[in-house]
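Each remark here refers to the structure printed beneath this line.
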Amino acid sequence: MAYDHKKIEKKAQEIWAALDLYRTEDDTGREKKYILDMFPYPSGEGLHVGHPKGYIATDIYSRFSRMKGFSVLHPMGWDAFGLPAENFALKNKVHPRAAVEKNIAHFKQQLAHIGLDYDWTREINTTDPEYFHWTQWIFLKMFEHGLAFQSDEPINWCPSCMTGLANEDLEGNVCERCGTVVEKKRLPQWVLKITEYADRMLADLDTLDWPEHIKEAQRNWIGRSEGAEIRFEVRTSDVLTSERTSDVLNIEVFTTRPDTLFGATYLVLAPEHPLFQNEGLRKSLRNVKKVYKYIQTAVSKTEIERAAEGKQKTGIKLEGIAAINPATKEEIPVYVADYVLGNYGTGAIMGVPAHDERDFEFANQFNIKISPVVFSAGSVSAGEIANGELQEIWGPERWAEEWNDWYTHPGILINSGEFSGKHSEESKWDIVAAVGGKRVTRYKLRDWVFSRQRYWGEPIPIIHCEKCGAVAVPYEDLPVTLPEVDHYEPTGTGESPLAAIESWVNTTCPKCGGPGKRETNTMPQWAGSSWYYLRFMDPHNGEELVSGKKEKYWAPVDVYVGGDHAVRHLIYARFWHKFLYDISIVSTPEPFKRLEFLGFILAEDGRKMSKRLGNIINPDDVIAEYGADAFRVYEMFMGPFENTTAWSTASISGTARFIQRVWNFQERVSDKPNVALGPLLNETIRKVEKDIEVFKFNTAVSQMMIFLNAAEKEGSIGKEQWLAYIRILAPFAPHIAEALWEEAGKEGSIHAAAWPTYDEALLLSNEREIVVQVSGRKRGSVRLSAEASEAEALNEAMKLPTVTAALGGKEPSRVVYVPGKILNIVR
RNA sequence: GCUGGAGUGGCGGAAUUGGUAUACGCGCACGACUCAAAAUCGUGUCCCGCAAGGGUUGUGGGUUCGACUCCCACCUCCAGCACCA
């Protein structure tokens, strides 16, 4: 009979539904495997062929795992809060909830065509009040533990999205979503103390089976650096003339190179430094106007503008004050300059022009003294260092010759008092101790700005009371749901659209019973996805879940599959998980043991698929033409899973042909096993199994093609061999495998059958082709058993005329023999 | 600039405890079937050469009986971070 993929797919999917094949049981007693896709945001555009790549991979992996006897959890859900959903709704003039429902229905229908084995009884949706009840619950737990706090520091504000953003939502200084340059805006907001977990998140990366580049991206983002805070005493103009008076002001700097302290010849304050609010400083400055004008322009500039000015550094000297280098006791000038960031370290640095490229540039521009204190170990002799001042020993000419640059590496200290002659790395902390500084660790990671001034998100479950301050909504009153509103457009004023709904906002304080107002900001899109993998373990009973009972069975996720989100989602989820670990809700410190990161599928033109470019390929069309199985096999065969590859409609015909040939070959099944195919089938089972385990689906498909090619050449296959072959094909092409199983007269679903076994002994025994080389060059081959001795091998090889010709009658000077592989005769 | 990853046919790519480079597929060419086309099947397809043979894994060196695989230097591409002191 002809291969009719539409009929076959429909029938197979009906069989699976009738058998309820993918229902996950919690307590089967079998070893469990939790296989998870990064759940999608159900966009209005529907799926393109790139989306299912990861889903097909997890589908293969979970079907395979079931056949290997595991109890498998493989669920799917929807990440449906957030700006994109809301913007889509605004544009199409529908309620976000209605838009989300419609989009989900469309997504599910598209996914159904592919034949994925999700357990839909565990479907979740982050916008479901029964779901975000527990998102709010986790927030309140954080509040309880002091990890959620209020702040009104200036934050990143996207004027186009009309909301505040977290650092993670930026690309440089541009809103990641819409590409608008962000502004700084002072706004009352909720912040989560993710920095509290910076160290543990960094350290535990080493325990994870994740791709190196993702771990590296997270290390970069956390940006830990160890250094010291050192206090510089400041003298103002009043005291400059008189003898020592009491300290008026101090400046703390942060440095990772305290070993260069003796070379600090100036200080720089960031324009945002709090000292500029200090009246004492203002009074002492002789150039107040110039300084504050500079600060004003610097602060109003975006960081992009600052960076665009490139290496051309700007700044103003603070006339009338000076700092004292605590090591050399020298008076050094103080500057304000925008190359120093206000939000990192202490907002102030010590300038060491001899050992920092940026400081070197600044010093040259402002004619500041450059004072080298570290030399590379080879360039200075011990005697020279012992004698003290190098300048004096060398004289000005040699000095200028030796020192016309900066040197940023560690080395031998000079001009550093009692530390001269010692190694800079070894003396680092001694120098800190000597000047009374303290050792500190700083991070680039910022706390998570958690408030969004938008409608479509989880309400933050807090009530503001004039008497009691910010009060948690009692746990029994959760969830706090969104009010129905006529207008949910963002206001753009920094107020949430919820603020206008008085009946919702005005409430009573749970603590004192007096009047209270609800928090009107909502949570960011990333909130719901920070814990969803836990919800799948028990999607219908939150109480059970937070009691930790279900978690012990499934968590952590064994294999997590997705792309994008190298930092944001993965770092937020790790943070929440670690918090839940600390309060004993989960029993492991990390949520995702193993991560498989997928490469995207580009359009045929090599560009990203987008509606705007009109190059989207819809999986529905591909499946209608070539069939779901050909589509699945093609996506896995395109290349390595982690590679980004362009779609090729011409190439899919190759896998479609393969599927068709498999179908045709069932007519060649005979009762007699085909002995010649035995070893290859054995090897194929082994190879496909190993490749699935390490996500090398492309070579697994290739091996199945190699086997079919060989079987076609043979012209027949034994029944048992055929049944083994279609079982290894089943995870990749589940529909046709189901049909062939039935055609072969087997009962039940092929997907409930056991994975075929291979015979280890058969792989190792018997004859092998041994390549014969003469002086490293292939001259022929001989067939020998793997156990054959070197003498036997050499004897056989010498019978080959190509070998004797290449030797030219000479006696071999050396013979290298690797049994089962190669014989190299060196002349 | 720093960090991580990668450079193999016309294309996607295979092969790494060092052991037949170019598996598998696409494309292309020729042939069979056909009145013809599509589909299908067969043969060929890294480069030079009629052949024997020689050359070839970004470039240049090195180690080795033997290097896509290891070492050194350089070039290119992709990703993350980027005036983070």
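The values are calculated or read from the model by the stated rules, or taken from the named source; none is laboratory data. Computed from a predicted structure; not experimentally measured. So basically every Cβ, Gly included, is an ideal-geometry build from the backbone, and we count neighbours across all protein chains shown. The protein model used for the area step is the full one, side chains on, heavy atoms only, and it has no ligands, DNA or RNA in it. Shrake-Rupley method; radii C 1.70, N 1.55, O 1.52, S 1.80 Å.
Data overview
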quantity: Kirkwood-based shape ratio for segment A:27-100, expressed as Rg/Rh from alpha carbons; calculated: 1.15
quantity: Computed E for A:SER503/A:HIS409 - FRET, C-beta separation, R0 60 angstrom, nearest 0.05; calculated: 0.35
quantity: Local electrostatic count, A:ALA788, Cβ distance below 13 Å [Lys/Arg +1, Asp/Glu -1]; calculated: -3
quantity: A:GLU252 paired with A:GLU667, simple spin-label distance in nm, labels 7 Å along Cα-to-beta-carbon; calculated: 8.4 nm
quantity: Approximate spin-label separation A:THR802-A:ALA650, in nm, with each point projected 7 Å along Cα-to-Cβ; calculated: 3.4 nm
quantity: Per residue, in Å², the accessible surface of segment A:605-652 once ligands and nucleic acids are set aside, probe 1.4 Å; calculated: 47 Å²
quantity: Heavy atoms of A:THR328 accessible to a 1.4 Å probe, total area in Å² rounded to 10; calculated: 40 Å²
quantity: Segment A:146-299 - percent of accessible surface contributed by carbon and sulfur, probe 1.4 Å; calculated: 48 percent
quantity: Apportionment of accessible area to carbon and sulfur, segment A:70-135, percent (1.4 Å); calculated: 57 percent
quantity: Chain A, relative contact order [Cα under 8 Å, separation at least 6], %; calculated: 14 percent
quantity: For segment A:543-664, convex hull of alpha carbons as volume per residue, Å³; calculated: 170 Å³
quantity: Rounded accessible area of A:LYS10 (nearest 10 Å², 1.4 Å probe); calculated: 130 Å²
quantity: Å² of accessible area per residue within segment A:692-804, as computed with a 1.4 Å probe and no ligands counted; calculated: 46 Å²
quantity: Between 0 and 90°, nearest 10: helix A:288-300 axis offset from chain A longest Cα axis; calculated: 10 degrees
quantity: Sequence-distant lysines (8 or more away, or on other chains) whose Cα lies within less than 27 Å of A:LYS690; calculated: A:LYS32, A:LYS33, A:LYS53, A:LYS68, A:LYS215, A:LYS593, A:LYS713, A:LYS719, A:LYS746, A:LYS821
quantity: Pairwise centroid distance, computed over Cα atoms, of segment A:669-710 with segment A:127-176, Å; calculated: 51 Å
quantity: Calculated FRET value between A:ASN92 and A:VAL485, using beta carbons and R₀ = 22 Å, to 0.05; calculated: 0.85
quantity: Diffusion coefficient, µm² s⁻¹, Stokes-Einstein with Kirkwood Rh over alpha-carbon pairs of segment A:466-545 at 25 °C and 0.890 mPa s; calculated: 162 µm²/s
quantity: Accessible area per residue, Å², segment A:545-596 with all protein chains present, probe 1.4 Å; calculated: 28 Å²
quantity: Total formal charge among the other residues, if their Cβ is under 15 angstrom from that of A:GLU767, Lys/Arg +1 and Asp/Glu -1; calculated: -2
quantity: Cα radius of gyration and Dmax for chain A (Å); calculated: 34.6, 110
quantity: Percent of beta bridges antiparallel (DSSP, chain A, rounded to nearest 5); calculated: 75 percent
quantity: Karplus 3J(HN,Hα) series, Hz, for segment A:600-610 with 6.51 cos²θ - 1.76 cosθ + 1.60 (x for Gly, Pro); calculated: 6, 9, 8, 5, 4, 7, x, 9, 5, 6, 7
quantity: A:CYS512 accessible area, assembled protein chains, probe 1.4 Å, Å²; calculated: 60 Å²
quantity: Under Karplus coefficients 6.51, -1.76 and 1.60, residue-wise ³J(HN,Hα) of segment A:316-333 in Hz, glycine/proline x; calculated: 9, 6, 7, 6, x, 10, 8, 10, 10, 5, x, 8, 8, 6, 7, 7, 10, x
quantity: Label zone at A:LEU19, where the point sits 7 Å out along the Cα-to-Cβ direction: segment A:49-77 residues whose backbone N lies under 11 Å; calculated: A:67
quantity: Gain upon complete extension [A:ASN364, A:LYS611; 0.36 nm per residue less C-alpha separation]; calculated: 83.7 nm
quantity: Accessible surface of segment A:499-538 [probe 1.4 Å, protein heavy atoms]: carbon and sulfur percent; calculated: 50 percent
quantity: For A:GLU45, residues with placed amide H under 5 Å, excluding near neighbours; calculated: none
quantity: Computed [θ] at 222 nm, deg cm²/dmol, chain A (DSSP H ≥ 4; -39,500 (n - 2.57); rounded to nearest 500); calculated: -11000 deg cm²/dmol
quantity: Extension reserve of the A:THR297-A:ASP477 stretch, reckoned as 0.36 nm per residue once the Cα distance is removed; calculated: 59.9 nm
quantity: For segment A:580-638 versus segment A:501-557, the gap between their alpha-carbon centres in whole angstrom; calculated: 29 Å
quantity: Alpha-carbon centroid distance for the pair segment A:418-446 / segment A:1-61, whole angstrom; calculated: 57 Å
quantity: FRET efficiency estimate (nearest 0.05) - Cβ-Cβ, A:GLU767 to A:VAL815, R0 22 angstrom; calculated: 0.60
quantity: Within-13-Å neighbourhood charge of A:ALA17 [Cβ basis; K, R +1; D, E -1]; calculated: -3
quantity: Between helix A:212-222 and chain A: long-axis angle, C-alpha atoms, 0 to 90°, nearest 10; calculated: 20 degrees
quantity: Built amide H within the under 5 Å cut-off of A:SER781, gap 5+; calculated: A:VAL772
quantity: Crossing angle, helix A:678-693 versus chain A [Cα axis fit, 0-90 degrees, rounded to tens]; calculated: 20 degrees
quantity: Under 5 Å, built H, 5+ apart or other chain: amide partners of A:ILE332; calculated: A:ALA323, A:ILE324, A:ASN325
quantity: Hz values of 3J(HN,Hα) by residue in segment A:342-353 - Karplus curve (6.51, -1.76, 1.60), Gly and Pro given as x; calculated: x, 9, 10, x, 9, x, 9, 10, 9, x, 10, x
